[in-house]
Amino acid sequence: MQINDTNKSKKVAIISCYFQHNFGSQLQAYATQKILDDWGIENETIRIDGILPEIKKAKYKYFRSKMFHLATIKDKSGHLKRIIQLKLNKDFSKDIDVRAKRFEGFAKSMFRLSKNYNSKLNLGNSNDFDAFLVGSDQLWLPSNIEADYYTLNFVPDDIPKIAFATSFGISNLPTKQALMAKRFLIRFQYLSTRETTGQKLIYDLINKIVPVVSDPTLLFTAEEWLSIQDKEPIIKEKYIFSYFLGNNPWQRELVTEIKEKTGYRIVQLPHLDEYIKSDESFADYKLYDVGPKEYLNLIRNAEIIFADSFHGTVFSILHKKNFFTFPRYSKNNTVSTNSRLNSILELLDLKEQFLKEKKTAVECLNMKIDYSKVHCDLEKFRNESKEYLRNALLQSGFSL
């Protein structure tokens with residue numbers, strides 16, 4: 001029961017990327033809302049519609065400044081191919097529309113959204129919220145720092161600002177964004193990050209030691225995630241779930257070899273981040289009519305999972321799956337987001353599952369995971385992360 005000095009109950013504003021057509025983005029945003037709901041903390045996720053034009057303008061300006069930066073150009077070239085394919089290929093465009101509707105449906109039905117604010121300044125001056133919580137995911141990437149939304153710079157000094165498992169995505173910030181980060185980080189009353197690289201970045205920038213906490217999706221067990229998905233398997237036969245965002249042929253070759261050894265079918269969600277022509281003939285099942293709920297079902301019922309995704313890795317661990325994670329970027333790529341994979345796998349002593357070079361199908365099939373130890377470590381990490389968030393809320397004037 002909440003105790004307040006005024007008639008108005010205290011409310012948290014959640015700043016998250018709930019609107020992104022990305023499984024991990026929507027599920028971590030939902031998990032952030034859910035943990036506050038479970039604790040009886042009134043909250044709303046800030047509706048992005050009115051603020052999005054500001055964000056897009058700033059990000060466009062940032063990427064335009066990087067037009068001669070080779071690593072950024074290479075990273076974004078796949079997105080450009082996907083845009084071109086959407087314009088030229090009507091069947092592909094229809095498939096992507098089907099997927100988009102699943103994401104939009106999830107956002108509409110699963111989030112308690114605020115009223116519309118027509119600017120960041122309007123939101124900051126609204127007096128509608130007693131604390132602002134910026135969620136997990138890569139919300140402090142350089143482009144997002146430039147967009148200046150997830151930084152909470154628009155929130156008045158006297159309103160508590162909480163960062164829960166917020167990620168920089170990369171290991172080092174460019175000089176300009178590092179200077180900007182110094183200014184916004186010191187304004188947070190409660191800081192935590194999702195990766196050890198983020199912890200080091202914050203210490204280097206503002207000389208403050210902050211905790212590494214779990215991604216919000218890890219705050220709940222596999223059994224608890226059952227509440228938002230169908231119990232019946234989408235695919236009725238044994239299968240390998242291939243969840244790749246990057247274009248790395250050797251990774252798909254290994255999946256094919258595993259298929260040959262096991263007889264399992266390959267299930268894939270193609271062209272998630274870029275259009276990859278070879279994926280047109282890679283899988284036995286190419287699925288588009290899949291949103292976050294269906295995504296969880298596909299992970300839960302897979303025999304083996306291959307992914308180059310952080311949340312693909314996270315949900316594989318939650319569901320005690322035989323899984324293998326791949327790096328999406330080369331080791332020295334300045335835009336690499338591999339650090340988040342390193343961090344969670346090292347924490348849970350699962351480094352062997354991170355395949356940085358090709359293994360044989362037999363080697364992979366002989367690898368076993370001791371999930372009793374993994375989940376013991378995970379439960380400890382989960383409880384510590386909940387305690388951090390609970391204390392931040394209590395100290396911000398909320399009753400739990």
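Key figures for this structure:
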quantity: Residue list for region 202-217, filter: part of a helix (DSSP H, G or I) and in contact with a strand residue (DSSP E or B) (Cβ under 8 Å, 6 or more places away or on another chain); calculated: 202
quantity: Among the candidates 35, 41, residue that is β-branched (Val, Ile, Thr), at pLDDT 95 or above, over 21 Å from the mean Cα position of the chain (by Cα) and surrounded by 16 or more Cβ atoms within 10 Å (Cβ to Cβ); calculated: 41
quantity: Among residues of region 363-389, those that are touching a Lys or Arg at 6+ places or on another chain (Cβ under 7 Å) and farther than 29 Å from residue 33 by Cα, counted; calculated: 1
quantity: The one condition in (1) open to solvent by 40 Å² or more (accessible area, probe 1.4 Å); (2) in contact (Cβ under 8 Å) with a residue 12 or more places away in the chain that residue 198 fails to fulfil; calculated: (1)
quantity: Positions within region 351-372 being assigned to a helix (DSSP H, G or I) and farther than 15 Å from residue 316 by Cα, in sequence order; calculated: 361, 362, 363, 364, 365, 366
quantity: Residues located in region 362-388, provided they are of a type in the set (Gly, Ala, Ser) and crowded, with 17+ Cβ neighbours inside 10 Å; calculated: 385
quantity: Scope region 23-66; condition assigned to a loop (DSSP other than H, G, I, E, B) and without any contact (Cβ under 8 Å) to a residue 24 or more places away in the chain; matching residues; calculated: 66
quantity: Total residues in region 201-220, condition closer than 15 Å to residue 140 by Cβ, crowded, with 23+ Cβ neighbours inside 10 Å and touching a residue at least 40 places away in the same chain (Cβ under 8 Å); calculated: 2
quantity: Breaking point among (1) closer than 18 Å to residue 160 by Cβ; (2) among the hydrophobic types (A, V, I, L, M, F, W, C); (3) open to solvent by less than 40 Å² (accessible area, probe 1.4 Å), for residue 355; calculated: (1)
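The values are calculated or read from the model by the stated rules, or taken from the named source; none is laboratory data. In this text the structure is predicted, and so the values were computed from the model without any measurement. Positions of Cβ are backbone-derived with ideal geometry, glycine not excepted, and every protein chain shown enters the neighbour counts. Just so you know, the surface numbers come from the protein's heavy atoms only, side chains and all, with ligands and any DNA or RNA stripped out. Shrake-Rupley method; radii C 1.70, N 1.55, O 1.52, S 1.80 Å.
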